[in-house]
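Quick notes on the structure that follows.
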């Protein structure tokens, strides 16, 4: 190696070992002074899990990297007080930001501390984000003075965890993300008067030919009427003592302007065929309600599960209606029509418990 190359290598080695220093925080001051609730810290993760948490200046004026004594998750675990045994909630702390940044201006050092923590509830296969704390400080010091990085960091972390403790106390019984179970309860929809184009299903009010007000769209000369029926639901939720109550109203209806007839008013046989279409829709709506009551709805995604069950029942309704028309040939095969009338009546009695 030439002398010039040796000098360059020696200079680079000096810079690697001495141009930039390293400072490790003293992490032996005990746990954070924060209260604990009915939860345990099941997991701590960091988006930057290394030990380095900043770029600082030493009193000598040299730049240095600031480090924790262990990677962020392990170092933070040491600071947190232990959770309760058999705690109601398993929580995860996600450390999104935790760093110091300093800049030198003459004999003064100006710095920034930034901490951002996300608190999440651990479910069986997922995590629910609960709340987030963003905190920090701007500070200045003389270059010759030692900085109090650990005190600043501990104070900021304590602030975040205290905020979270208060958040839990405020939201534990009212926030659906903290609920332990989901329950559905139903109320009957009883319209007080005619509602626009809709006729709502009632066992006490069978349909009439006057309910069929749409223009005739007859494609097959073998049948002279069609009814448009459907069902839907409205739901409101509230949390009561750790239970999400889904208060639901299921509506079964026919649309008058989409239903048509060319039958004579005295053709009650044809009207009974259309009534059975309405009965089938009501039957499937009752099955939807029964399926929801039997379902163990997940707290983290109960709304999506309700919608999935609804769509599955809706598809079942369409299949059932098509099968009914196919097997009766739109009421032309009278023995099949009678069989279907008995079949639907039996299923309605069974599902209603009568």
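Just so you know, in region 335-354 the residues that are touching a residue at least 12 places away in the same chain (Cβ under 8 Å) and closer than 13 Å to residue 269 by Cα include one that is farthest from the chain's Cα centre (by Cα), and it is 337.
Remark: pairs (first residue in region 183-204, in the same structural domain as residue 298 (by TED's automatic domain parsing); second residue at pLDDT below 85 and exposed (fewer than 14 other Cβ atoms within 10 Å of the Cβ); Cβ separation under 7 Å; 6+ apart in sequence or on different chains) = 200/191. Can you work out which of the residues in region 125-143 that are outside any strand (DSSP E or B) and farther than 16 Å from residue 93 by Cα is modelled with the highest pLDDT? Residue satisfying both the conditions and the ranking: 143.
Taking residue 150 as the residue in question, decide whether it is assigned to a loop (DSSP other than H, G, I, E, B) and modelled with pLDDT under 95. Against the criterion (assigned to a loop (DSSP other than H, G, I, E, B) and modelled with pLDDT under 95), residue 150 does not qualify.
Among the listed residues 279, 296, 312, which satisfies the condition of being surrounded by 15 or more Cβ atoms within 10 Å (Cβ to Cβ) and out of contact with any strand residue (DSSP E or B) (no Cβ under 8 Å at 6 or more places or on another chain)?
Values: 296 fails: surrounded by 15 or more Cβ atoms within 10 Å (Cβ to Cβ); 312 fails: surrounded by 15 or more Cβ atoms within 10 Å (Cβ to Cβ).
279 is the lone residue from the list that is surrounded by 15 or more Cβ atoms within 10 Å (Cβ to Cβ) and out of contact with any strand residue (DSSP E or B) (no Cβ under 8 Å at 6 or more places or on another chain).
Restricting 121, 103 to those that are at pLDDT 95 or above and surrounded by 16 or more Cβ atoms within 10 Å (Cβ to Cβ) reduces the list to 121.
Taken over region 162-181, the criterion of being touching a residue at least 60 places away in the same chain (Cβ under 8 Å) and in contact with a strand residue (DSSP E or B) (Cβ under 8 Å, 6 or more places away or on another chain) is satisfied by 168, 173, 174, 175, 176, 177, 178, 179, 180, 181.
If a residue has to be in contact with a helix residue (DSSP H, G or I) (Cβ under 9 Å, 6 or more places away or on another chain) and surrounded by 15 or more Cβ atoms within 10 Å (Cβ to Cβ) to count, how many in region 243-264 make the cut? Before the answer, list the steps.
Narrowing region 243-264 to residues in contact with a helix residue (DSSP H, G or I) (Cβ under 9 Å, 6 or more places away or on another chain): 244, 246, 248, 250-254, 256, 259, 261, 263-264.
Filter again for surrounded by 15 or more Cβ atoms within 10 Å (Cβ to Cβ), leaving 244, 246, 248, 250-254, 256, 259, 261, 263.
Looking only at that region, the number is 12.
The values are calculated or read from the model by the stated rules, or taken from the named source; none is laboratory data. Predicted model only: the values in this text are computed from it and were never measured. Glycine gets a Cβ as well: all are built from the backbone with ideal geometry, and neighbour counts include every protein chain shown.
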